[in-house]
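Read through the structure below, which is laid out as structure tokens, and then see the notes.
Here, each number is a calculation from the coordinates, and none is a lab measurement. Quick caveat: nothing in here was measured; it's all calculated off a predicted structure. Methodologically, a virtual Cβ is constructed for each residue, glycine included, from the backbone with ideal geometry; neighbour enumeration extends over all protein chains shown.
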Amino acid sequence: MTGNVIQEYLSVNFPNLDPKIPVHPTFLYESLWNFGVFAFLIWFRKRKKSNGEVFFLYLILYGVGRMWIEGLRLDSLMLGSTRISQIISICCIILGIAAFIGLRKMKNDAVLEAANEPSSYSTILEELKNRDNDSDEHGIELNEEQNDKNDDENNEGTEASSKNNIND
């Protein structure tokens with residue numbers, strides 16, 4: 001496990017611990033796990049559907065890795081026959097999964113609500129169409145009145161010119 005000085009210290013101060021048993025390099029496992037989690041989260045970040053998903057996914061993945069690594073350690077704080085670190089990891093996993101699912105559900109509900117409600121853009125377009133229709137109807141009425149006036153003037157003009165032609 002370690003050098004002679006540490007082995008002597010451990011055998012004197014911790015008689016139940018055999019300093020010659022091989023141990024896992026948990027620091028290395030944890031470093032590799034965290035690099036893998038980091039790479040996955042960078043990839044996932046572009047595919048997230050709402051804010052907070054990356055954090056809760058980190059909480060889940062870190063909890064899984066921590067629970068696995070703590071199972072390999074020999075010097076863990078115990079509560080009965082269970083390691084405290086593994087209990088905390090399980091809590092992180094459960095909390096992360098619940099929050100991740102909750103975020104996804106809220107996002108899906110918001111998308112469904114938005115699909116049923118008109119967007120502000122469509123509301124503005126509808127108002128513009130209504131204004132155009134109102135002005136078109138008003139414009140048609142004005143055009144009809146203008147055409148009637150023009151017809152009357154043209155009729156008066158033709159009557160006057162036909163009288164002039166008769167007088168000639």
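Close Lys pairs in region 4-116 (alpha-carbon distance under 20 Å; sequence gap of 8 or more, or different chains): 6. Report note on the peptides 66-77, 101-112: ranked by the mean count of other C-beta atoms within 10 Å, highest first, their order is 66-77, 101-112. Taking Lys and Arg as +1 and Asp and Glu as -1, the other residues whose beta-carbon sits under 13 Å from that of Q86 total +2. Of the peptides 86-95, 125-134, 46-55, the ranking by mean beta-carbon count within 10 Å, highest at the top, reads 86-95, 46-55, 125-134. The gain in end-to-end length when the N13 to F40 segment is fully stretched comes to 5.4 nm, 0.36 nm per residue minus the alpha carbon separation. If Lys and Arg each add +1 and Asp and Glu each add -1, what is the summed charge of the other residues whose beta carbon sits under 12 Å from the beta carbon of A110? Spelling it out: positives minus negatives among the neighbours equals +1. Taking Cβ atoms as reference points and 10 Å as the exclusive limit, the residues near L57 contribute a net charge of +1, counting Lys and Arg as +1 and Asp and Glu as -1.
Applying 0.36 nm per residue to the separation of I90 and E127 and subtracting their alpha-carbon distance, the gain on full extension is 7.8 nm. Between M106 and K49, the simple spin-label model (points 7 angstrom out along Cα→Cβ) gives 1.4 nm.
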